[in-house]
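The values are calculated or read from the model by the stated rules, or taken from the named source; none is laboratory data. Given the structure is predicted, the values throughout are model-derived calculations rather than measurements. A quick note on method: Cβ atoms are made from the backbone with ideal geometry, for glycine too, and the neighbour counts reach across all protein chains shown.
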Amino acid sequence: MTVHPSEILASHPAIAPASLLSPARRADELTRLTAAPSADLVVIGGGVTGAGVALDAVSRGLSTVLIESRDLAFGTSRWSSKLVHGGLRYLASAAVGIAYESAVERNALIRNIAPHLVRPLPQVVPLLEDVSLFDAAITRAGFLAGDALRIAARTPSATLARSSRIPAAEVAALAPTVRRDGLRGGLLNWDGQLNDDARLVTGLARTAASLGATILTHARADQVTGTSVAVTDELTGHTFEIRSSAVINATGVWSAQVDSSIALRPSRGTHLVMSQDSFRGLRAGLTVAVPGHFGRYVFALPQPDGRVYVGLTDEETSGEIPDVPQAEESEIDFLLDTVNLALGTPLTRDDILATFSGLRPLLDSGAGETSDVSRKHAVLTRADGLVTVVGGKLTTYRRMAQDAVDAAVATSGLQAGPCRTRTLGLVGAPASNDPASELAKVSAPQRLVAKYGTEAPAVLALGDADAGLAAPVADGTSITGAELTFGVVAEGAVTVDDVLERRTRLSLTPLVAEAAHAAANRALTFGEA
């Protein structure tokens with residue numbers, strides 16, 4: 001490549017140069033912080049909440065530094081079901097406030113913040129012989145309540161359609177492997193689905209960077225107080241201290257390691273990764289009730305990469321928090337047994353390509369089971385001013401960030417503008433009242449538009465400049481070398497794992513990831529040149 005990828009991207013009309021998280025930018029910002037180690041606000045944690053805090057703070061006019069010991073979306077944020085849901089489940093436990101908050105935040109994500117990353121997803125509940133008329137009526141009533149939430153959140157039916165009852169033939173068209181015996185139709189509901197949860201986090205961080213925030217991954221925070229953080233660059237070992245007016249702890253399940261006064265009850269949610277071949281082309285989220293548990297379901301969720309995720313569990317965990325949680329055999333059995341209740345031909349372990357698990361950072365409320373612990377977030381302020389935000393869920397990250405910044409501003413006395421993030425589009429989001437039409441005009445394959453939005457032509461430009469980057473990086477994937485290079489030069493990837501596990505998600509298919517290892521190294525070489 002005669003022209004460096006960073007030069008191609010910085011000059012491309014689809015890219016805001018200030019949003020590029022390149023290796024050179026990381027080095028420059030470390031040098032600057034070492035010379036002038038101060039900021040209005042430091043946020044610790046580079047998951048969806050921490051990145052959301054950084055964007056909220058910098059968009060209010062606060063000088064902001066994000067410190068992440070590993071990588072963007074390293075923890076729970078990349079292990080979700082990829083749903084942006086309106087809180088329907090919480091109505092079953094009468095948590096109307098959380099349900100409404102979820103619907104409002106879903107509306108903001110799908111219409112303003114990230115319409116390129118969030119798409120409508122139909123979800124179908126097949127009415128089989130073991131679903132009683134009473135249970136069907138209760139589920140239908142719940143879906144109607146979800147419609148009311150959608151209307152209250154001002155989400156038009158053109159964006160998310162109303163729920164309905166559908167005939168058996170339509171159920172079979174949406175979910176071809178559903179059992180036909182005793183099928184008397186189904187209930188259809190609509191929700192939001194992310195193309196990729198890790199891409200949402202990256203988009204938040206890059207948008208914050210475009211407004212002037214400093215994003216430092218692979219930098220460890222130690223000796224954290226309400227006004228200072230000791231930082232160690234994990235790549236060089238260099239240490240320095242940042243003084244600030246406020247510090248926010250957004251480290252999720254690791255929050256208690258930063259503030260020992262925090263008591264969490266982490267809950268593990270496990271998913272199975274399967275091929276669409278096992279479901280013969282699943283076109284909707286297949287929703288199967290868990291016997292004996294009112295309001296709890298297992299989902300089979302079609303993904304844009306030819307995969308289906310089957311999840312999820314809710315298992316309390318204890319002891320040391322692992323970097324990468326692992327599924328237990330009992331969880332795999334539970335998911336297979338439950339989803340098979342609705343299928344004509346049972347799935348087996350041979351259908352499983354991989355598994356992944358995430359830990360929910362639930363605040364310990366003393367409830368009996370973690371499934372009963374409130375999903376409402378909490379913002380806690382320590383005596384020295386350190387603010388910690390825990391709980392919540394991916395869909396409500398923005399409100400969590402807003403509340404955390406509000407608390408930090410109130411405690412520190414900082415002067416800050418009003419929150420702007422409800423209508424602030426991320427990088428790649430079209431600036432239009434009709435985002436679908438604008439995205440349809442983007443001159444790039446739909447696969448890329450669904451991941452990069454209006455920036456997709458810039459990814460293509462990397463392949464145009466180097467034919468070697470235009471081809472898929474391995475058999476079994478459509479992901480190209482250009483996408484890996486974009487992950488390094490634009491999205492802050494520093495290691496091979498950053499590229500394969502969080503910028504492209506190739507690691508969810510281990511054999512493909514192994515084959516793409518050399519291409520990831522090549523992308524890192526481009527970034528370091």
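Residue by residue, here is whether (1) buried (at least 17 other Cβ atoms within 10 Å of the Cβ); (2) in contact with an Asp or Glu (Cβ under 9 Å, 6 or more places away or on another chain); (3) at pLDDT below 95; (4) among the hydrophobic types (A, V, I, L, M, F, W, C) holds:
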residue: HIS4; (1), (2), (3), (4): no, no, yes, no
residue: ALA14; (1), (2), (3), (4): yes, yes, no, yes
residue: PRO17; (1), (2), (3), (4): no, no, no, no
residue: GLY47; (1), (2), (3), (4): yes, yes, no, no
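Of the candidates ALA27, ALA108, ALA57, ALA73, the single residue that is closer than 20 Å to GLY425 by Cβ, in the same structural domain as ILE242 (by TED's automatic domain parsing), part of a helix (DSSP H, G or I) and among the aliphatic types (A, V, I, L, M) is ALA57. Taken as a whole, the structure places TYR100 among residues that are touching a residue at least 40 places away in the same chain (Cβ under 8 Å) and over 20 Å from LEU301 (Cβ atoms). Only one of the numbered conditions (1) assigned to a helix (DSSP H, G or I); (2) surrounded by fewer than 16 Cβ atoms within 10 Å (Cβ to Cβ); (3) within 19 Å of the chain's Cα centre (by Cα) is violated by PRO304, and that is (1). Reported count of residues in region 412-431, each being more than 23 Å from the chain's Cα centre (by Cα) and surrounded by 13 or more Cβ atoms within 10 Å (Cβ to Cβ), is 3. Evaluate region 498-520: report whether one residue or more is in contact (Cβ under 8 Å) with a residue 24 or more places away in the chain, surrounded by fewer than 20 Cβ atoms within 10 Å (Cβ to Cβ) and closer than 25 Å to ALA205 by Cβ. No: region 498-520 contains no residue that is in contact (Cβ under 8 Å) with a residue 24 or more places away in the chain, surrounded by fewer than 20 Cβ atoms within 10 Å (Cβ to Cβ) and closer than 25 Å to ALA205 by Cβ. Can you find a residue that is out of contact with any strand residue (DSSP E or B) (no Cβ under 6 Å at 6 or more places or on another chain), surrounded by fewer than 21 Cβ atoms within 10 Å (Cβ to Cβ) and assigned to a loop (DSSP other than H, G, I, E, B) anywhere in region 391-411? For region 391-411, residues out of contact with any strand residue (DSSP E or B) (no Cβ under 6 Å at 6 or more places or on another chain), surrounded by fewer than 21 Cβ atoms within 10 Å (Cβ to Cβ) and assigned to a loop (DSSP other than H, G, I, E, B): absent.
Only residues that are among the polar types (S, T, N, Q) and either surrounded by fewer than 23 Cβ atoms within 10 Å (Cβ to Cβ) or in contact with a Lys or Arg (Cβ under 8 Å, 6 or more places away or on another chain) (or both): list them for region 92-138, please. Walk me through it before giving the result.
Quick first cut of region 92-138, residues among the polar types (S, T, N, Q) only: 93, 102, 107, 112, 123, 132.
Listed by number, the residues that qualify are SER93, SER102, ASN107, ASN112, SER132.
Can you find, within region 307-337, the residue that is nearest to the chain's Cα centre (by Cα) among those that are of a type in the set (Val, Ile, Thr) and more than 30 Å from GLY476 (Cα to Cα)?
Narrowing region 307-337 to residues of a type in the set (Val, Ile, Thr): 308, 310, 313, 317, 321, 324, 332.
Those still in the list that are more than 30 Å from GLY476 (Cα to Cα) too: 317, 321.
Details: THR317: 22, ILE321: 20 Å.
Checking each candidate, the answer is ILE321.
Taking region 348-382 as the range and being at pLDDT 95 or above, in contact with a helix residue (DSSP H, G or I) (Cβ under 6 Å, 6 or more places away or on another chain) and not in a strand (DSSP E or B) as the test, only ASP351 passes. Here SER59 passes the criteria (1) crowded, with 24+ Cβ neighbours inside 10 Å; (2) touching a Ser or Thr at 6+ places or on another chain (Cβ under 8 Å); (3) among the hydroxyl-bearing types (Ser, Thr, Tyr) except the one numbered (1).
The sole residue among LEU500, LEU469, LEU508 that is closer than 23 Å to SER80 by Cα and touching a strand residue (DSSP E or B) at 6+ places or on another chain (Cβ under 8 Å) is LEU508.
Scanning region 412-467 for residues that are of a type in the set (Lys, Arg) and either in contact with a His (Cβ under 7 Å, 6 or more places away or on another chain) or in a helix (DSSP H, G or I) (or both) turns up ARG447, LYS451.
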